[in-house]
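The values are calculated or read from the model by the stated rules, or taken from the named source; none is laboratory data. Everything quoted here is computed from the prediction, not taken from an experiment. Here the Cβ positions follow ideal geometry from the backbone for every residue, glycine too, while neighbour counts run over all protein chains shown. SASA here: full protein model, heavy atoms, side chains in, ligands and nucleic acids out. Shrake-Rupley method; radii C 1.70, N 1.55, O 1.52, S 1.80 Å.
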Amino acid sequence: MRFSLALGVALALAAAVASAATADTASKFRSAVNQIVSQPYQPNYVPQGYDSAFGSANVLNTAPAQDYTTGSIPGSPDAPEWPAWFRNVQFKSADGAPLLGELAVHTGDAPGIVVVHGFNTHGYASVIRWAAMLYANGYNVLAADQRGFSFENDAGWGYPAWQQTFGWKESEDVLAAGRYLAAQKGTKDIGLVGYSEGGQNTVLALALDSGKVFKAGIQFSGPADQDTQIYSTAVPAGCQTPLCTYPVTDVLVQLVVPPYDNGDVCVALARAGTRYETDGFGILSHETAFHAQQKVKVPLLNVYSADDSLVPAFEAQMMAGYEVGNALQKTLEATRGEHAYFFDRWWQQRAILLYFKNMLNYAAGSAKVTATPTVNQTSGGPAFADQLVPIAATKASADALLAPYVCDTARGKPGSN
């Protein structure tokens, strides 16, 4: 009886401590969001001068949109070289897929950030400026590829052995990157930031992780459901098989997915399905970020733009519908920003830095970790809070936006499984 009573008291104390810790984290999360939305955001941002994250290399600041165009192509005039403090590394995903990345580690202890690229041919080269900025502010940083992108493919580690799945297997790669960074000497609390498809994969990886590796995540313009994202590009809109075509998605597939001989997303899904012993429907059923959001145990901030030409604005509503009642999740939608790399590079850097400074315990307590953007600010921008679209959504309204299976609309909705 005494043992049972002692055990009961211990369990009650543990529950009380856990509840207090959750409340404290929720308070920090609210504070971080409030700080972010109070920052001035200038949609008419004008890049000027140099990006100080690259030190004496004199790398010109550029418009954020160039991060997913010419600025992501190694050798292009506006594509910077990795700073000397980064080194190329190789590691493996849980299923053995070989992955490449650029790693920079400070001397002594430091918090860490994994930076997740989007659906870009050159993978981690598209996030070089964001990785350099985070290192300059005191973080250990890993900008890692996901499977089947150009660097792995060029090294002989891509198609057909390791194929892209538009998020399913790639989210496992993101988690593997977190574990690799965590194994680096001196690395403390680890955060996760992702862009576009990398934003989706940030949410999926956090759901897989259950808070064991990553302590907080922030993502920009991640598809809420990959099947719905593809269907949003359907021509004609609202089509049914066999009348559906996906010209915009197909062009991206041709550019990004090895072996670069196919401009048909359903062919790419079928190929990957054969490789991973499933089919396209099975692949897409693993890529419903707004449902996976329910399994995320750490703070998560989702940021979207109402004028996004690639990820429709309604996908912010899908994410918001499944965060209701969760004090550690929030979705913001700006009126102007376009896609993933928002118009105001200064604001986006500042938002990321404020977020992790608040949400990573080691960052919050370290004077070496700062929140100073490495690019110029353009004056005259109102507070971000004054440029937000009101969001009112429920789980039911979010689920109502799910699309039918893009390759066979009579088969149902992968995201509902």
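Place +1 on the Cβ of every Lys and Arg and -1 on the Cβ of every Asp and Glu in the chain, take the dipole about the Cα centre, and give the residue among ALA183, LEU332, TRP85 whose Cα lies farthest towards its positive end.
ALA183
Placing unit charges on C-beta atoms (Lys and Arg positive, Asp and Glu negative, everything else neutral), compute the dipole magnitude of the chain about its Cα centre in debye, rounded to 20.
Dipole of the chain, to the nearest 20 debye: 1520 debye.
What percentage of the solvent-accessible surface of the chain, computed with a 1.4 Å probe over protein heavy atoms, is contributed by carbon and sulfur atoms?
57
Would you work out which of ALA364, ALA385, ASN153 lies farthest towards the positive end of the dipole of the chain, given +1 charges on the beta-carbon of Lys and Arg and -1 on that of Asp and Glu, about the Cα centre?
About the Cα centre, the residue reaching furthest to the positive side is ALA364.
Sorting check: for 66-73, 281-288, which peptide has the highest mean count of neighbouring beta carbons within 10 Å, and how do the rest follow?
Per-residue Cβ counts within 10 Å, averaged per peptide and sorted highest first, yield 281-288, 66-73.
Run the dipole for the stretch 140-208 about the Cα centre, Lys and Arg Cβ at +1, Asp and Glu Cβ at -1, nothing else charged, and hand back the magnitude in debye, nearest 20.
Here the stretch 140-208 has a charge dipole of around 260 debye.
If packing is taken as the average count of other Cβ atoms within 10 Å, what order do 227-234, 397-404, 120-127 fall into, highest mean first?
In descending order of packing, they fall as 120-127, 227-234, 397-404.
Would you mind calculating the relative contact order of the stretch 13-144 from Cα pairs under 8 angstrom and at least 6 residues apart, reporting the percent as a whole number?
Over the stretch 13-144, the number comes to 19 percent.
May I ask for the distance between the Cα centers of the stretch 36-72 and the stretch 301-355, given as a whole number of Å?
That distance is 18 Å.
Post the alpha-carbon centroid distance, the stretch 117-135 to the stretch 362-404, in whole angstrom.
Centre-to-centre distance over Cα atoms comes out at 19 Å.
Based on Cβ point charges of +1 for Lys and Arg and -1 for Asp and Glu, what charge dipole magnitude is obtained for the stretch 92-226 about its Cα centre, in debye rounded to the nearest 20?
340
Under 8 Å for C-alpha pairs, at least 6 residues apart: give me the relative contact order for the chain, rounded to a whole percent.
20
Could you order the peptides 184-197, 239-252 from most to least packed, using the average number of other C-beta atoms within 10 Å per residue?
Highest to lowest by the protection proxy: 184-197, 239-252.
State in Å² the accessible area per residue of the stretch 151-241; use a 1.4 Å probe, count heavy atoms of protein chains only, and round to the nearest integer.
Heavy-atom accessible area per residue stands at 30 Å².
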